[in-house]
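Contents: one structure, followed by commentary.
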Amino acid sequence: MTKYKVMSNRLSRGKLGSVLDSDLLDGCNIKALIEAGHIAEVSETKFSKKETITLEKVTDEQDN
């Protein structure tokens, strides 16, 4: 299911900044709404790996 962010105050189905599912825009010309700047497709970023960083404690003794 595609999600869209409301980018203008001229859309009756959602307030500015809200995110709508494509189901709520059923019957609307989504392409025209995007081209007019009323909505924008939201891309969901999914992270496949969890990266762990290990930090080493540095002391003055290690510098000598």
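The values are calculated or read from the model by the stated rules, or taken from the named source; none is laboratory data. For clarity, every value in this text was computed on a predicted model and none was experimentally measured. Note: ideal-geometry Cβ built from the backbone for every residue, glycine included; neighbour counts use all protein chains shown.
Residues in region 3-35 that are over 15 Å from the mean Cα position of the chain (by Cα) and among the hydrophobic types (A, V, I, L, M, F, W, C): 8 in all. The number of residues in region 17-39 being out of contact with any Lys or Arg (no Cβ under 8 Å at 6 or more places or on another chain) and loosely packed, with under 12 Cβ neighbours inside 10 Å comes to 8. Counting only strands (runs of 3 or more DSSP E) that fall entirely inside the chain and contain at least 1 residues that are among the acidic types (Asp, Glu) and either touching a helix residue (DSSP H, G or I) at 6+ places or on another chain (Cβ under 8 Å) or at pLDDT below 90 (or both), the qualifying elements are 39-42.
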